[in-house]
Amino acid sequence: MKHKVVLIDDEPLARQLIRNLLKSNEHFEVVHECADGFEGFKAIQEHQPHLLFLDVQMPRLNGFEMLELLDTTPSVIFCTAFDEYAMKAFETHAIDYLLKPVTKERFEKALEKYLSQAGSDTKLDAEALASENVYEGYQNRIVVKDNGVIRIIAASEILYIEANDDYIKIFTKDGQFLKKSTLTRIEKSFDGGAFIRVHRSYIIPVAQLVRIEPYEKGSHIALLHSGAKVPVSKSGMDKLKSTLGW
Amino acid sequence: MLLSNKNIAWLLPLSAIAVAGGHFIFLYYLYNISFTLSLTDSIISVLYMSLALWGVVQSIKIYPTRVGVTLYSLFVAVFLGLSTVFLSTVTIKWWIDVNDAYYLQFLDSSGPVRYIIYWLLFSWIATFFALNKSITSQEQKFKKQADFTALHKEAELFKLRQQLQPHFLYNSLNSINALTMIEPAKAQEMVGMLSDFLRNSVQREAKEKIPVQDELDYLGNYLAIESIRFGDRLNVMFNKEENIAGTIPPFLLQPLLENAIKFGLYGNTGKVTISINIQAQSGMLLFKISNPFDSEANRSPRGTGFGLAGVQRRLFLIYARTDLLETNKEGNTFTTILKIPQDEA
C-alpha cells in the first residue's frame, strides 16, 4: 500500500520540490496539492491522506488554524522558512519540521521518521495544538467550522463568548458558533484590554459593554449592546475595574 | 507638582490656621494686645501671606527659562514680601477704627520684622519650586534624549533586517532548489537575480539618498524574484513618467512593497495584482502602491514585523515629518501613499 500524501504550500515551486523529492520513493503517492488552508481542509476531508506536508504561513487560513479545524488529523511534516514555529510544531507531535531551503538528506530523514512511526499512533496532540503561546501577538480572530464551511470570525464581530463544557459558544450578529476550545485559550489569543473574562464561563468585548448592574451577594450583571445580559463574578468585576480604570 | 498632590491638599488650610494661631498667641500673650486686634491682625496677615505664596508659586511656574531662575525667585520674594507687609498694614488700619496708640506703634515698628520673616519664607518656597521645576525639565530632556536614541537604534536594526531578509532568502533558495531539478536554466537566472539583489543591498546600505531610478531597478529585481516564487499568482504593474528624476532614502519603498505583497498574497487566494504609481508633484515624489486585501480575515500577516510603522519612524527620523506616509482602505483595495520631499538644489 502506498502512503497518500497531500502537499499544502502557497508557493508552487515549493510544492514542486517536495513532489520531485518524493518521486524516487515508491512508498508515497501525492494525491493532491493545494495553495492555502481552505483548499487544504477540503482536500484532507476528501482524500483522507496519511501524510501532510504543510507550510505555516499561507493565505486566509494558516497551517495551524487549518489543523485545529480537522476532526482527525493525518501525520504532519511542517515545511516552512520560519523557525519560530518549530516549538509549537513539535508540541503538537508533528513528525518533523523541515526548514526551507529543504535539502534532500534532511527530507529523506523526515520520511524515514514518518515510516518508522507509521502504523503506531501518530495522531497530532489536539490539546497542544490548541495550546497558548502559539503566535506572536494576538490573533484577534477565531476560526470555526459552520456546517462544514470554514468561517473566520473577526474580534469586532464578537458579541460575547460563553463556555459550554468542552466547547465554547461564540455569539455574533449572524448567530452563534460552536468550537472545541476553552475560554482560557481564547482569553490568551485576544487583547486583554479589549476582551475581559468577566466570569468563569464568559468573556465579553469591552466595546460591547453598556452598563453593569448589581445582582446579588457581590455579583453583578453586565448589559451588552446586543441586549444580552451576562453574569459578572466578583473577580470579573475587579478585572473590569482595573481595565477600565474605575 | 507638589501642591497638586491630593494627599497633602488638606495640609494647606490646616497650616494656614496653625500659622494664624501662632501669630495670634504671639500678639495676645507676648505683647498684651487686645483680643479683637490680635485676631484681626493674625487673620488678615495670614490671608495676605497665603495670597502672596500662591503668587510665588504661580510666578515661578510661568517663568519661561531656566536661566537665572534662582535670582528671579529672590526678586519675587522681595517684591511680594514688601507688598504683603504694606497691604496687610493698610488693610488692618482700614478695617478697624484703631485708637489704640500702643498697637499702632507696634504695627508700624514691627513692619521690618514682618518683612524679613515673609522674605525668608517666600524665597525658601520660591527657590524650592524653581529647583523642582528645573529638575523636572532636566528629566524630560533626558527622557527625550533616551527616546531618540532608542528610535535611532531601532532604525539601524530595521535597516539591518531589511538587508538580511532571512525569510525572503530562505524561500528564494528553496525555489532555486526546486528549479535545479525541473528547469536548470531558470535556476541559473534566479541565482543571478538573487546575487544582484544581495550585492545591491550591501552597497546601498552606506548611502543616505540614492537616485530614484536606482531604487526602482533594485525593486524590479526584487519583484522578479518574488514573481518566480509565487508563479502566476503575482502580477505587478508599474506606472511612471519616463526619466523620472529625484532621490530617495534607501530601504523605504521596499518594506511598503513587501507589505503589499504579503497583504495581497496572504489575504487572497488566486491571482493578485499590485500596482505602483510614481509621480513628481510640486517638489515631491509621490509613490502610490495599491494591493487587494481581504477585509474579512482582519489580520495582518506576520513577517519581519516592521512594515508601515518602521517606515513611518524612519521618515520621521530623516525629515522630522509625520505626514509623508498615508494609507487608506477602499473596498477591498489597500493603498499606501509615500511622499518624498526633493531638495530644491
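Selection of the range B:326-345 for residues being surrounded by 10 or more Cβ atoms within 10 Å (Cβ to Cβ), free of Cβ contacts under 8 Å to residues at least 40 places away in the same chain and either β-branched (Val, Ile, Thr) or not in a strand (DSSP E or B) (or both) yields only B:327.
The condition (being of a type in the set (A, V, I, L, M), surrounded by fewer than 23 Cβ atoms within 10 Å (Cβ to Cβ), outside the structural domain of residue A:181 (by TED's automatic domain parsing) and in contact (Cβ under 8 Å) with a residue 24 or more places away in the chain) is satisfied by just one residue among A:110, A:86, A:94, A:14: A:110. Can you confirm whether residue A:61 is aliphatic (A, V, I, L, M), surrounded by 17 or more Cβ atoms within 10 Å (Cβ to Cβ) and in a loop (DSSP other than H, G, I, E, B)? When the stated conditions are applied, residue A:61 passes them.
Applying the criterion of being more than 15 Å from the chain's Cα centre (by Cα) and more than 14 Å from chain B (Cβ to nearest Cβ) to the residues of the range A:47-68, the residue that is farthest from residue A:36 (Cα to Cα) is A:50. When we screen B:59, B:50, B:34, B:73 for residues that are touching an Asp or Glu at 6+ places or on another chain (Cβ under 8 Å) and farther than 16 Å from residue B:111 by Cα, the only hit is B:34. Comparison of A:44, A:95, A:77, A:18 shows that the only residue that is of a type in the set (Val, Ile, Thr) and within 9 Å of chain B (Cβ to nearest Cβ) is A:18.
Residues in the range A:185-200 that are away from every other protein chain (no Cβ under 14 Å) and in contact (Cβ under 8 Å) with a residue 24 or more places away in the chain: A:185, A:186, A:188, A:192, A:193, A:195, A:196, A:197, A:198, A:199, A:200. Based on this model, can you work out whether residue A:83 counts as under 25 Å from residue A:149 (Cα atoms) and modelled with pLDDT under 90? Against the criterion (under 25 Å from residue A:149 (Cα atoms) and modelled with pLDDT under 90), residue A:83 does not qualify. Residue A:24 passes every criterion in (1) in contact with a Cys (Cβ under 7 Å, 6 or more places away or on another chain); (2) among the small types (Gly, Ala, Ser); (3) at pLDDT below 90 apart from (1). Against the definition (of a type outside the set (S, T, N, Q), more than 37 Å from the chain's Cα centre (by Cα) and away from every other protein chain (no Cβ under 14 Å)), how does residue B:241 come out, yes or no? It is true that residue B:241 is of a type outside the set (S, T, N, Q), more than 37 Å from the chain's Cα centre (by Cα) and away from every other protein chain (no Cβ under 14 Å).
From B:172, B:201, B:195, grab the single residue that is more than 14 Å from every other protein chain (Cβ to nearest Cβ) and at pLDDT 90 or above.
Checking each option against the conditions leaves just B:195.
The condition of being at pLDDT 90 or above and away from chain B (no Cβ under 14 Å) holds for only one of A:105, A:162, that being A:162.
Being at pLDDT below 80, in the same structural domain as residue B:208 (by TED's automatic domain parsing) and small (Gly, Ala, Ser) is true for just one of B:283, B:303. Which residue is that? Before you say what the answer is, go through the steps one by one.
Numbers: B:283 fails: at pLDDT below 80.
Testing whether each residue is at pLDDT below 80, in the same structural domain as residue B:208 (by TED's automatic domain parsing) and small (Gly, Ala, Ser) leaves just B:303.
Scanning the range A:162-181 for residues that are surrounded by 17 or more Cβ atoms within 10 Å (Cβ to Cβ) and within 17 Å of the chain's Cα centre (by Cα) yields A:168, A:170, A:177, A:179, A:181. Taking residue B:298 as the residue in question, decide whether it is modelled with pLDDT under 85 and either farther than 22 Å from residue B:194 by Cα or within 11 Å of chain A (Cβ to nearest Cβ) (or both). It is true that residue B:298 is modelled with pLDDT under 85 and either farther than 22 Å from residue B:194 by Cα or within 11 Å of chain A (Cβ to nearest Cβ) (or both). Does residue B:96 qualify as being modelled with pLDDT under 80, of a type in the set (A, V, I, L, M) and in contact with a helix residue (DSSP H, G or I) (Cβ under 7 Å, 6 or more places away or on another chain)? Yes; evaluated as a whole, the condition is true for this residue.
Only one of the numbered conditions (1) assigned to a strand (DSSP E or B); (2) at pLDDT 90 or above; (3) in contact with a helix residue (DSSP H, G or I) (Cβ under 6 Å, 6 or more places away or on another chain) is violated by residue A:143, and that is (2).
Within the range B:204-235, the set of residues being within 14 Å of another protein chain (Cβ to nearest Cβ) and in a strand (DSSP E or B) comprises B:234 only. Of everything in the range A:188-205 that is surrounded by 15 or more Cβ atoms within 10 Å (Cβ to Cβ), in contact with a Phe, Trp or Tyr (Cβ under 7 Å, 6 or more places away or on another chain) and not in a strand (DSSP E or B), the residue that is modelled with the lowest pLDDT is A:189.
Quick one: would you say residue A:180 is in contact with a helix residue (DSSP H, G or I) (Cβ under 6 Å, 6 or more places away or on another chain), more than 14 Å from chain B (Cβ to nearest Cβ) and within 30 Å of residue A:43 (Cα to Cα)? When the stated conditions are applied, residue A:180 does not pass them. Against the test of being within 13 Å of another protein chain (Cβ to nearest Cβ) and either farther than 18 Å from residue A:23 by Cα or in contact with a Pro (Cβ under 7 Å, 6 or more places away or on another chain) (or both), the options A:83, A:71 yield a single qualifying residue, A:83. Sort out which residues of the range B:262-273 are surrounded by fewer than 22 Cβ atoms within 10 Å (Cβ to Cβ) and either away from every other protein chain (no Cβ under 14 Å) or in contact with a helix residue (DSSP H, G or I) (Cβ under 6 Å, 6 or more places away or on another chain) (or both), and write them in order of number. Within the range B:262-273, B:271, B:273 qualify. Within the range B:269-280, one or more residues are in contact (Cβ under 8 Å) with a residue 24 or more places away in the chain, assigned to a strand (DSSP E or B) and among the small types (Gly, Ala, Ser). Take residue A:52 and decide whether it is part of a strand (DSSP E or B), of a type in the set (A, V, I, L, M, F, W, C), touching a Ser or Thr at 6+ places or on another chain (Cβ under 8 Å) and assigned by TED's automatic domain parsing to the domain that holds residue A:66. So residue A:52 passes the test.
The values are calculated or read from the model by the stated rules, or taken from the named source; none is laboratory data. What you see is a predicted model, and the numbers here were worked out from it, not measured in a lab. Here the Cβ is made from the backbone with ideal geometry for all residues, glycine too, and neighbour counts use every protein chain on show.
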